[in-house]
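The values are calculated or read from the model by the stated rules, or taken from the named source; none is laboratory data. Not measured: the values here are computed from a predicted model. Cβ sites come from the backbone with ideal geometry, for glycine too, and all protein chains shown count toward neighbours. SASA here: full protein model, heavy atoms, side chains in, ligands and nucleic acids out. Shrake-Rupley method; radii C 1.70, N 1.55, O 1.52, S 1.80 Å.
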Amino acid sequence: MSFLSNNFISDFFLLLLRWVYSFVHDYSGAILILTVLVRLVILPLDLRQKNSARKMQMIQPKLQALQKRYANNPQQLQKKQQELYKAEGIKPLAGCLPMLITLPIFFAFFGAMRVLETEQTISFILNAQHLGPSAYQLPRWLWVHNFWQPDSGLAPIMKTAQEFASFFSANINVTPQQLHMMASSGLLVFDPAAGIQAGSAYTSLVDSIIKANGLEGFNNGWFILPILAGASLFLQQKLTTAQTPGGAQAQPGGSFMLWFFPLFSVYICATANTAFSVYWLAANIYALVQTLVINYIYKKRDEKRKQGVIEEAT
């Protein structure tokens, strides 16, 4: 998974996020602002995809007529369909372009949040070790006790000793200097046979931090962000497929994808840090609102067009 946080796209988004953070001084706010800015940048592509899907919907009667006429001649059918697309100004592959752009952005944000999680977690641990567990408050966010841990009723407020050791072993963003500081403080132990292990000093420090924050016996969250992210993505997909010819059933694996991606979204948000969940929920809500607005505009245009036809007929 190191490639997610070690690529130029993630580095670019991380740079933008830090730039926005320099103004708002709050990572959740910076994430929300950057999410909206990115979605506005790709808005023309979204509109192009919506327009293409709408045109496809409007020519369905013509497509069905061609399919009946050339049912026994697939090559001629394909030729006539291409001629129809050209005449109507439709590019079928245009609908795939927003998805091809959205997926890299999704993974880039995921990687950028992993880098920030690394930086913030190491900084917090080292400062707490140096100045004392009560010197720093946990980075809370609404109902979530630690912004850099998942919003999950199963996730601890801070990484367990095993998670902390695995976090360092698999994280390419940790510098040799940070590893040295952790080792010299007894937070990490280098075992020739087992590799990096969390030292007893880490467990003691974590217990003291949680106690100083009055959070003994609590987990980090309540699954609220994962559930909202999955629900918003499901609604957004439902609205989108409602505007495509035949709905989800007409697309290959459409019904499966309608449920798979929201459920996958719940899983990702329940296991990734809260920062990423904030981004993903914000992106889903933006897409949902955008779809509602575009559908409303199209509906009003259709009503005006029908009204115009009626007036001409009378």
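Which whole-number percentage describes the relative contact order of the chain, with Cα contacts under 8 Å and a sequence gap of 6 or more? Mind dumping the intermediate values first?
On the way: 334 pairs, mean separation 68.6, N = 314.
Relative contact order, the chain: 22 percent.
Residue by residue, what Karplus-based ³J(HN,Hα) values in Hz, rounded to whole numbers, does region 78-90 have, using 6.51, -1.76 and 1.60 with θ = phi - 60° and x for Gly and Pro?
The phi angles translate into 4, 5, 5, 5, 5, 5, 5, 4, 5, 5, 8, x, 10 Hz.
Connecting C-alpha atoms closer than 10 Å in a GNM of the chain, tell me which of 119, 163, 83 has the biggest fluctuation.
83
List, in order, the whole-Hz ³J(HN,Hα) value for each residue of region 273-280 obtained from phi through the Karplus relation with A = 6.51, B = -1.76, C = 1.60 and θ = phi - 60°; use x for Gly and Pro.
Listing the rounded values in order: 5, 4, 4, 5, 4, 4, 4, 5 Hz.
In whole Å, what are the Cα extents of the chain along the three principal axes, biggest one first?
84, 43, 33
How many nm separate the modelled label positions at residue 216 and residue 127, each set 7 Å beyond the Cα in the direction of the Cβ?
My value for the distance between the label points is 2.5 nm.
Report residue 62's accessible area, 1.4 Å probe, all protein chains in place, as a number in Å² to the nearest 10.
Ignoring ligands and nucleic acids, residue 62 comes out at about 110 Å².
Per-residue HN-Hα couplings for region 193-210, Karplus 6.51 cos²θ - 1.76 cosθ + 1.60 at θ = phi - 60°, whole Hz, x for Gly and Pro?
Values per residue, Gly and Pro as x: 8, 9, x, 6, 10, 6, x, 5, 5, 5, 4, 4, 5, 4, 4, 5, 5, 5 Hz.
Pull up all non-local amide H partners of residue 188: gap of 5 or more, or a different chain, and H-to-H distance under 5 Å with H placed in the peptide plane.
183, 199
Around residue 149, which amide H atoms from residues at least 5 apart in sequence, or from another chain, sit under 5 Å from its own amide H, with H modelled in the peptide plane?
274
Taking the chain as a Gaussian network, where each spring joins two C-alpha atoms under 10 Å apart, which residue of 110, 234, 124 fluctuates the most?
Its mean-square fluctuation being the largest, the pick is 124.
Run the numbers on region 175-219 and let me know its relative contact order in percent, using alpha-carbon pairs under 8 Å that are six or more apart. Mind dumping the intermediate values first?
On the way: 27 pairs, mean separation 10.3, N = 45.
Answer for region 175-219 is 23 percent.
So, in nm, how far is label residue 271 from label residue 65 when the simple model puts each one 7 Å beyond its Cα toward the Cβ?
Between residue 271 and residue 65, the label points sit 5.1 nm apart.
Please report the accessible area of residue 180 (heavy atoms, 1.4 Å probe, ligands and nucleic acids excluded) in Å², nearest 10.
130
How large is the dipole of the chain about the Cα centre if only Lys and Arg carry +1 and Asp and Glu carry -1, each at its Cβ, rounded to the nearest 20 debye? Spell out each step's value before the answer.
Values: 24 positive and 16 negative charges, 396 e Å.
Dipole about the Cα centre, nearest 20: 1900 debye.
Just read off the accessible area of residue 11 with the full protein assembly in place, 1.4 Å probe, to the nearest 10 Å².
That residue has around 80 Å² of solvent-accessible surface.
Provide 58, 113 ordered by accessible surface of protein heavy atoms (probe 1.4 Å), highest first.
Numbers: 58 120, 113 0 Å².
If we order 58, 113 from most to least accessible, we get 58, 113.
Just how large is the dipole of region 75-212 about the Cα centre, in debye to the nearest 20, putting +1 at every Lys and Arg Cβ and -1 at every Asp and Glu Cβ?
Working: 8 positive and 8 negative charges, 106 e Å.
Its charge dipole is roughly 520 debye.
How many angstrom lie between the Cα centre of region 12-89 and the Cα centre of region 116-193?
Region 12-89 and region 116-193 have Cα centres spaced 41 Å from each other.
Could you work out how much longer the chain between residue 36 and residue 15 gets when fully extended? Use 0.36 nm per residue separation minus the Cα distance between them, nm to one decimal. Intermediate values should be presented prior to the final figure.
Numbers: separation 21, 0.36 × 21 = 7.56 nm, distance 1.61 nm.
Separation in residues times 0.36 nm, less the Cα-Cα distance, equals 5.9 nm.
Could you list, bin by bin from short to long, the percent of Cα-Cα pairs of region 30-145 in 5 Å steps?
Going out from 0 Å in 5 Å bins, region 30-145 shows 2, 9, 12, 12, 11, 9, 8, 7, 6, 6, 5, 4, 4, 3, 2, 1 percent.
Cross-link partners among lysines for residue 304, C-alpha distance below 24 Å, same-chain residues fewer than 8 apart left out?
Answer for residue 304, where 24 Å is the Cα cut-off: 50, 55, 62, listed by chain and number.
What does the extension gain come out to for residue 161 and residue 84, with contour length at 0.36 nm per residue minus their alpha carbon separation? If you can, show how the numbers build up before the last one.
Numbers: separation 77, 0.36 × 77 = 27.72 nm, distance 6.30 nm.
Answer, rounded to one decimal: 21.4 nm.
Could you tally the net charge around residue 73, taking each other residue with its Cβ under 10 Å from the Cβ of residue 73, Lys/Arg +1 and Asp/Glu -1?
Result for the local shell: +3.
Check residue 196: other-chain or 5+ apart residues with amide H under 5 Å from its amide H, H built from backbone geometry?
Counting only residues 5 or more places away or on other chains, the set is 191.
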